[in-house]
Amino acid sequence: MYDFVVVGAGLFGAVFAHEVKKAGKKVLVIEKRDHIGGNCYSYDDPETDINIHKYGPHIFHTPDKRIWNYINTFADFNNYQHRVLTTAGGKVYSLPINLATINQFYNLNLTPAEAAEFLKSKTSNIASPQNLEDKAVSLIGRELYEAFIKGYTIKQWNCDPVELPAEVITRLPVRTSYNDIYYHDNYQGMPVGGYEPIFEKLLENVPLELETDFFEKRDYWKSVAGTLVYTGPIDRYFDYRWGNLRWRSCRFEMERMSLNDYQGVSVMNYADRDVPYTRILEPKHFYRERAHLSRGTVIIREYPCDDPAQPYYPVRLKTDQEILAKYQEAQSREKDVVFGGRLAEYKYYDMWQVISRALEQAGKILQGRSSSGRTKSRQLLPAED
Ligand SMILES: Cc1cc2nc3c(=O)[nH]c(=O)nc-3n(C[C@H](O)[C@H](O)[C@H](O)COP(=O)(O)OP(=O)(O)OC[C@H]3O[C@@H](n4cnc5c(N)ncnc54)[C@H](O)[C@@H]3O)c2cc1C
């Protein structure tokens with residue numbers, strides 16, 4: 001009998017298992033894939049010695065110093081700061097749209113204040129935007145929308161932005177400064193050595209069964225678990241009773257090259273609709289400190305697609321939300337089961353948010369009761385300094 005059986009060795013499952021193990025509980029992790037790490041999984045390509053993120057590029061970033069301190073107890077991070085370029089109409093621009101993008105696109109030389117006025121003059125006055133296109137045009141104007149947002153959105157979501165509700169975007173990041181660092185977060189970097197060592201440390205001394213699908217012996221796993229921690233898809237848990245929640249997926253096409261440097265940046269977006277991929281990744285740029293050691297380079301073309309076996313981005317339109325509400329209702333009635341992580345919560349989470357959620361859930365469940373019967377909550381995060 002285990003105190004906890006954790007389904008899934010992704011970030012949520014690994015952090016949760018680590019914390020309950022540390023608190024002296026008996027825990028087992030089962031994982032249907034043949035590796036730990038979930039979608040953060042990365043490996044060194046033996047031919048080039050470049051660290052490859054199998055399920056898409058993962059840049060660690062967080063505004064929360066305590067999460068940064070926590071993850072740094074499992075790995076050293078380099079000083080990578082994410083910058084993205086985009087190719088549109090045969091030219092390369094800086095993203096998110098910033099003063100350099102605006103000046104280059106309009107062939108101007110505006111100051112920040114002038115750019116703010118200029119953008120105002122470009123945004124149409126749409127009183128209540130009915131769809132994503134109206135909303136985007138009202139925020140950044142038609143020309144920038146057509147050049148940088150429209151084609152990319154069509155490829156990413158496989159539908160015309162006029163068919164998407166306006167609520168999908170609340171804002172579009174437009175900067176009237178030359179700041180081109182993609183994330184605002186104070187803490188960012190890539191784990192030296194990739195993500196696998198982090199998971200190995202998190203799961204050190206935790207019994208683990210790989211290539212083990214929970215649903216093949218569902219009753220057995222439940223019978224040996226005091227508490228089940230489920231990080232798989234929520235609709236699958238309830239046998240799709242109220243229908244399938246929709247996800248958008250990606251197909252990755254990897255190519256090794258004998259070149260030293262293919263594109264000079266880790267991520268190049270392709271905004272035009274007639275280019276079938278949304279971006280090309282060149283992972284050696286994530287690790288400049290070891291770039292000189294690699295043999296050639298690797299590029300990865302990313303093609304958005306529908307693949308239920310690889311759920312990446314939750315669609316979360318109205319029908320999905322309605323279905324989700326039914327699963328959540330059923331979930332709230334499940335006894336001794338913790339549902340956590342992106343698949344079980346049907347939510348796009350960045351890694352730091354998943355760590356935060358897992359610590360919160362583990363803290364809650366480990367919380368003791370003092371003799372007076374009052375709840376004593378456990379602090380799992382290290383102090384800020
Ligand atoms: C393309 C892409 C790029 C991203 N880039 C970033 C980024 O740059 N920065 C960032 O902070 N975040 C990024 N993320 C988000 C990040 O991947 C997630 O926050 C994180 O992986 C979520 O961890 P998780 O444990 O919730 O889910 P997962 O990593 O999916 O782990 C769930 C695990 O459960 C296992 N499982 C499922 N069902 C079963 C079953 N029946 N039996 C046994 N095991 C099962 C799965 O195999 C999986 O290993 C990105 C996500 C995507 C899709």
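Across segment 218-234, coupling constants 3J(HN,Hα) worked out from phi with the 6.51/-1.76/1.60 Karplus curve, θ = phi - 60°, read 3, 5, 4, 4, 5, 6, 9, 10, x, 10, 9, 10, 10, 10, x, x, 5 Hz, and Gly and Pro carry x. Per-residue ellipticity at 222 nm computed for the chain from its helices equals -8000 deg cm²/dmol, with DSSP H segments shorter than 4 residues left out and the rest contributing -39,500 (n - 2.57).
Label sites at residue 200 and residue 251, each approximated as a point 7 angstrom past Cα along Cα to Cβ, lie 3.4 nm apart. Indicate, rounded to the nearest 5 percent, the antiparallel portion of the DSSP beta bridges found entirely in the chain. Of those bridges, close to 65 percent are antiparallel. Taking amide H as placed 1.01 Å from N in the peptide plane, the amide H of residue 338 sits under 5 Å from that of 228, 229, 230, each at least 5 places away or on another chain.
Between 98, 269, 186, the Gaussian network model of the chain with springs among Cα atoms under 10 angstrom shows the greatest mean-square fluctuation at 186. With semi-axes defined as the square roots of five times the eigenvalues of the C-alpha gyration tensor, the equivalent ellipsoid of the chain measures 38, 26, 21 Å, largest first. Largest GNM mean-square fluctuation among 15, 174, 29, using the chain with Cα springs under 10 Å: 174. Fewest neighbouring Cβ atoms within 10 Å first, the residues 265, 224 line up as 224, 265.
Relative contact order, whole percent, for segment 23-106 stands at 12, derived from Cα pairs under 8 Å and 6 or more residues apart. Residues whose amide H falls under 5 Å from that of residue 77, counting only those 5 or more places apart or on a different chain, are 192, with hydrogens built in the peptide plane.
A simple count of charges around residue 308, restricted to other residues whose Cβ falls under 14 Å of its Cβ and scoring Lys, Arg +1 and Asp, Glu -1, yields 0.
Across q = 0.08, 0.09, 0.16, 0.19 Å⁻¹, segment 1-144 modelled as identical point scatterers on its alpha-carbon atoms has Debye log10 I(q)/I(0) values of -0.46, -0.56, -1.00, -1.16, in the order of the q list. Residue order for 289, 282, fewest other beta carbons within 10 angstrom first, comes to 289, 282. Based on the alpha-carbon gyration tensor of segment 102-216 and its eigenvalue square roots a ≥ b ≥ c, which shape applies: rounded if a/c is under 1.5, prolate if not and a/b is larger than b/c, or oblate? Because a/c hits 1.5 or more and a/b fails to exceed b/c, segment 102-216 counts as oblate. Taking label points 7 Å from Cα along the Cα-to-Cβ direction, residue 123 and residue 238 give a separation of 3.9 nm.
In order along segment 280-285, the phi-based Karplus estimate (6.51 cos²θ - 1.76 cosθ + 1.60, θ = phi - 60°) of 3J(HN,Hα) comes to 10, 9, 10, x, 4, 6 Hz; Gly and Pro are listed as x. For the pair segment 21-61 and segment 84-147, the centres of their Cα atoms are 38 angstrom apart. Label-to-label distance for residue 347 and residue 73 is 2.4 nm, based on points extended 7 Å past Cα in the beta-carbon direction. Per residue, the average separation of C-alpha pairs within less than 8 Å and at least 6 apart gives segment 84-168 a relative contact order of 22 percent. So for the chain, averaging the separation of alpha carbon pairs under 8 Å that are six or more residues apart and normalising by length, what relative contact order in percent results? It comes to 26 percent, rounded to a whole number.
Pairs over the 31 Å Cα-Cα cut-off, from the set 91/347; 284/347; 21/326; 32/284; 120/284; 201/326: 91/347; 21/326; 120/284; 201/326. Measuring how big segment 1-76 is from its alpha-carbon positions, Rg and Dmax come out at 14.6, 45 Å. Shown for 159, 40, 250: other C-beta atoms within 10 Å of each C-beta, ranked fewest to most, produce the order 159, 250, 40.
When the chain is treated as a GNM with alpha-carbon contacts under 10 Å, the residue of 291, 309, 100 showing the greatest mean-square fluctuation is 309. Computed extension length for residue 160-residue 211: 14.5 nm, one decimal, from 0.36 nm per residue of separation with the Cα-Cα distance subtracted.
Just add up the charged neighbours of residue 94: K/R +1, D/E -1, any other residue whose Cβ is under 15 Å from the Cβ of residue 94. In short, +3.
For segment 84-168, the Cα-based Rg and Dmax, in that order, read 13.3, 37 Å.
We did not get these values from a lab; they are worked out from the coordinates using the rules stated. Worth saying up front: this structure is predicted, and the values here are computed from it rather than measured. Glycine gets a Cβ as well: all are built from the backbone with ideal geometry, and neighbour counts include every protein chain shown.
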